[in-house]
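**Q** Take this structure first; my questions come after.
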Amino acid sequence: MSNLNSTLEQVTAEIIARSKAARGDYLDQISANQKQQPERQQLSCGNLAHGFAACDETDKGRIRMLNASNIGIVTAYNDMLSAHQPYADYPDKIKAYVREMGCTAQVAGGVPAMCDGVTQGMPGMELSLFSRDAIAQATAISLSHQMFDGVLCLGICDKIVPGLLIGALRFGHVPVMFVPAGPMATGMSNKEKHRIRQLYAEGKVGREELLEAESASYHSAGTCTFYGTANSNQMLMEAMGLQLPGGSFVNPDTPLREALTKEAAQHITRITRQSGDPRPLGEVVDERSVVNGIVALLASGGSTNHAIHLVTIARAAGVLINWTDFNTLSGAVPLLARVYPNGQADINHFHAAGGTSYLFQELMSAGLMHADARTVWGKSMADFTVEPTLQDDKLVWKTGVKESLAPDVIAQVEKPFDKEGGLRLLQGNLGRGVIKISAVAEEHRVIEGPAVVLASQHSLQEKFDSGELNKDCVVIVRFQGPKANGMPELHKLTPLLGVLQDRGFKVALVTDGRMSGASGKVPAAIHVSPEAAAGGILNKVQDGDWIVLDGNKGTLECRVSAEELAARPAAQPEEQSSHGVGRELFTNFRRIVSSAEQGATVLFDYDEA
């Protein structure tokens, strides 16, 4: 512990102390469940017969044997998500690979997987964040049959990985691994895609040109190549020791990808209770692994969505974290990656430059990760500085590169792109929010100006077209939090605000909604809590109020006296439908959901961490 960075050590100690009661309760729960392993032993003959009725005779015999592991597969497959399309034949492959180990595997269940890219700006986006909790519940239902000694989760994209992990942590007495499928190959450059989006927003190109550009960017099976939430999920799973090292960003349908899938399927059988080397999920995910996840996200400029998701993931394991922890760590963790939107490289460039093995190596060399954290593979996190390769068609692990192969994409810890990480806490009389500072140029990090108040992202286009926004201003988009409408991402704002910035105006965004991992060059205070619908000061702001967003000092202020703000009537949201596209089924979610800093969840009832 002596070689740890002092800030990392301090924050970890504070989290451990804060979490003592909740973590103790969680460990007691999984300990009680462990004593009942293997779970199939609890089932009656009728229960067990139902559980393997559709299996062949060989698998039936092995499932009867308590010394052979039965692996549950929870899949988020659908063939609309490009990242998840490769999962179509994974269950059959996994079953075959597991049989080679003398074990069995069954599809425990499927979970929903919606694509935020399809629903951007549409009513369906209001289901996006809530889908995470629905996925967690579906994962728990999938595993509730108590048939499994280990679990493989097939999921990649935005809310799916957090949902799978939250649900699986309810079964923290068994080992769990995530099996990725990899990113699509590089298509149109992110810079060119962004340029065409802005031209479309200005009306200078038509829909046909825009669609052609988007199709050239998102063109095949695999994860989208920018560093948004999906690829941040993969970084997170590796940093928390829940995936094979170095395997997140290997492209689909390649021999190495296939070898990694086989290794994951077979390795899970080596870490079940029957193997003699049990690695229960609830013991792997602890305070150290949570801190490692935060650090990796900060160092890589990862998705702001994880300021919400990691809070809920940690809470599922009895670990209590908050945005102050993110902010404190960000002050000590250097920015080591430049991947779009905080650079022009994509995730394939990052992987080729040295990828996760080099990033983790640099962080651990500076004492900025817990190298002793438990993992599902190797002895500890210290072993995650290797990368996979094929030699004579056999998967082997070799030491990762010692120097970055593209210093403009991954930097040395001694020569970072920025001395601080990618996320910062903003706070003041408007509440607490976060900003993805790594994506914002230094000259745009401090913005002051009159408020332009909107109740939806759709109102911005009208004001833009009329010329009302051709000035320095701070756009306030409120009633976009979890209680108001489910906290959709607001990417329709990005091209228009980017155009204003390019025209030389000083502009910023303040919202209780989300902007996700694709948060771009315009400074944006997002996730502002308390949200307007929960009585936050955002509902008192009026057009023309002087707003200060200082990303350097971490300030978010409305320069109106407390007395005047208190005397103002609270604004009411614009009349808008909460029905259609299934939104009415989530009415109760909106009523009971926690704040963004508490994870915007309906799954747990707990005080502010």
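**Q** In deg cm²/dmol, rounded to 500, what helix-only [θ] at 222 nm does the chain give when every DSSP H run of at least 4 residues adds -39500 (n - 2.57) and the total is split over its residues? Numbers along the way, then the final one.
**A** On the way: 23 runs with 222 residues, N = 609.
Computed ellipticity for the chain at 222 nm equals -10500 deg cm²/dmol.
**Q** Can I ask one more? Defining a contact as two alpha carbons under 8 Å apart and six or more residues distant in sequence, what relative contact order in percent does region 424-574 show?
**A** Details: 341 pairs, mean separation 49.5, N = 151.
So the answer I get is 33 percent.
**Q** Helix 229-239 versus the longest principal axis of the chain: what is the Cα-based angle in degrees, 0 to 90, to the nearest 10?
**A** 50 degrees
**Q** Sorted from largest to smallest, which semi-axis lengths in Å does the alpha carbon gyration tensor of region 317-460 give for its equivalent ellipsoid, taking the root of 5 times each eigenvalue?
**A** Values: eigenvalues 241, 75, 47 Å².
They are 35, 19, 15 Å, listed from largest to smallest.
**Q** What does the charge dipole of region 424-574 about its Cα centre add up to, to the nearest 20 debye, if the Cβ of each Lys and Arg holds +1 and the Cβ of each Asp and Glu holds -1? Walk me through the numbers on the way to the answer.
**A** Values: 17 positive and 18 negative charges, 80 e Å.
Magnitude of the dipole: close to 380 debye.
**Q** Listed highest first by mean packing, meaning other Cβ atoms within 10 Å per residue, what order do 361-371, 176-186 come in?
**A** Numbers: 361-371: 22.5, 176-186: 24.8.
In descending order of packing, they fall as 176-186, 361-371.
**Q** Could you state the angle between the C-alpha long axis of helix 6-18 and the longest principal axis of the C-alpha atoms of the chain, as a value from 0 to 90 degrees rounded to the nearest 10?
**A** Tilt relative to the chain: about 80 degrees.
**Q** Starting from the Cα-Cα distance between ALA21 and HIS458, subtract it from 0.36 nm times their residue separation and give me the gain in nm to one decimal. Please report the intermediate quantities before stating the final value.
**A** Details: separation 437, 0.36 × 437 = 157.32 nm, distance 4.48 nm.
Roughly 152.8 nm would be gained on extension.
**Q** What nm value, rounded to one decimal, do you get for the distance between ALA53 and LYS415 when each label is placed 7 Å out toward the C-beta?
**A** In this crude label model, ALA53 to LYS415 measures out at 6.6 nm.
**Q** Something else: For ALA406 and GLU100, what does the FRET efficiency come to when R0 = 45 Å and r is the distance between their Cβ atoms, rounded to the nearest 0.05?
**A** Values: r = 38 Å, r/R0 = 0.85.
Given R0 = 45 Å and the Cβ-Cβ separation, E is 0.75.
**Q** Further question: Run the paramagnetic zone check for ASN67: 7 angstrom along Cα to Cβ, then residues of region 258-276 with backbone nitrogen under 19 Å.
**A** 269-276, by backbone N distance to the label point.
**Q** Another one. Residue separation times 0.36 nm, minus the C-alpha to C-alpha distance between ARG195 and ASN429: what's the value? It would help to have the intermediate numbers written out before the result.
**A** Working: separation 234, 0.36 × 234 = 84.24 nm, distance 3.58 nm.
My answer for the length gained is 80.7 nm.
**Q** Next up: Which order do peptides 220-227, 253-260 fall in by mean Cβ count within 10 Å, highest first?
**A** For the peptides 220-227, 253-260, the packing ranking is 220-227, 253-260.
**Q** Each residue of region 178-183 in order: what ³J(HN,Hα) in whole Hz does its phi give by Karplus 6.51 cos²θ - 1.76 cosθ + 1.60, θ = phi - 60°, with x for Gly and Pro?
**A** 9, 10, x, 10, x, x
**Q** Let me ask something else about it. To test your reading of the geometry: what angle, between 0 and 90 degrees and rounded to tens, separates the Cα axis of helix 207-217 from the longest principal axis of the chain?
**A** 40 degrees
**Q** Per Stokes-Einstein, at 25 °C and 0.890 mPa s, what whole-number D in µm² s⁻¹ belongs to region 239-324, with the Kirkwood radius over Cα pairs as the hydrodynamic radius?
**A** Details: Rh = 14.8 Å.
Translational D for this selection: 166 µm²/s.
**Q** Could you sort 550-558, 348-356, 589-597 so that the peptide with the highest average Cβ count within 10 Å comes first and the rest follow in order? List each step's numbers first, then the result.
**A** Details: 550-558: 17.9, 348-356: 23.2, 589-597: 20.7.
Result, highest mean first: 348-356, 589-597, 550-558.
**Q** To continue, here is another question. Can you tell me, using C-alpha contacts under 8 Å and at least 6 residues apart, the relative contact order of the chain as a whole percent? Please list the in-between numbers first.
**A** Numbers: 1334 pairs, mean separation 88.8, N = 609.
The normalised contact order for the chain reaches 15 percent.
**Q** Sticking with this structure for a sec: For the chain, give the magnitude of the charge dipole about the Cα centre (Cβ charges: +1 Lys/Arg, -1 Asp/Glu; no others), in debye to the nearest 20.
**A** Details: 55 positive and 68 negative charges, 158 e Å.
In total the dipole reaches around 760 debye.
**Q** What nm distance separates the two modelled labels at ASN78 and ASP372, each placed 7 Å from Cα along Cα→Cβ?
**A** 4.5 nm
**Q** To the nearest 0.05, what FRET efficiency results for LYS398 and SER578 with a Förster distance of 51 Å applied to their C-beta separation? Spell out each step's value before the answer.
**A** Numbers: r = 54 Å, r/R0 = 1.05.
It comes to 0.45.
**Q** Something else about it: Report Rg (one decimal) and Dmax (nearest whole number) for the chain, counting Cα atoms only, units Å.
**A** Rg and Dmax of the chain, Cα atoms, are 23.8, 76 Å.
**Q** Taking 0.36 nm per residue of sequence separation and subtracting the Cα-Cα distance, how much length would be gained by fully extending the chain between GLN391 and GLU209, in nm to one decimal?
**A** 61.1 nm
**Q** What FRET efficiency, computed as 1/(1 + (r/R0)^6) with R0 = 30 Å and r the Cβ-Cβ distance, is obtained for ALA352 and THR555, rounded to the nearest 0.05?
**A** Working: r = 39 Å, r/R0 = 1.30.
Computed FRET efficiency for ALA352 and THR555 comes out at 0.15.
**Q** Please work out the C-alpha center-to-center distance from region 156-177 to region 367-427 and express it in whole Å.
**A** If we compute the Cα centre of each part, the gap is 23 Å.
**Q** Which lysines have a Cα less than 27 Å from the Cα of LYS463, not counting those fewer than 8 places away in the same chain?
**A** List returned: LYS191, LYS193, LYS204, LYS436, LYS471, LYS483, LYS492, LYS506, LYS521, LYS540.
**Q** I would also like to ask the following. Along the charge dipole of the chain, which of GLY504, PRO334, VAL176 sits closest to the positive end, that is, farthest toward it, with unit charges on the beta carbon of Lys, Arg, Asp and Glu (+1, +1, -1, -1)?
**A** VAL176
**Q** Using only the Cα atoms of region 424-574, what semi-axes does the equivalent ellipsoid have when each is the square root of 5 times a gyration tensor eigenvalue? Give whole Å, largest first. Don't skip to the end; give the middle numbers.
**A** Working: eigenvalues 84, 55, 50 Å².
Over the Cα atoms of region 424-574, the ellipsoid semi-axes are 21, 17, 16 Å.
Read-outs: derived from the displayed coordinates by stated rules, not from any lab. The structure displayed is predicted, hence computed values, not measured ones. Every residue, glycine as well, gets a Cβ built from its backbone with ideal geometry; the counts of neighbours run over all protein chains shown.
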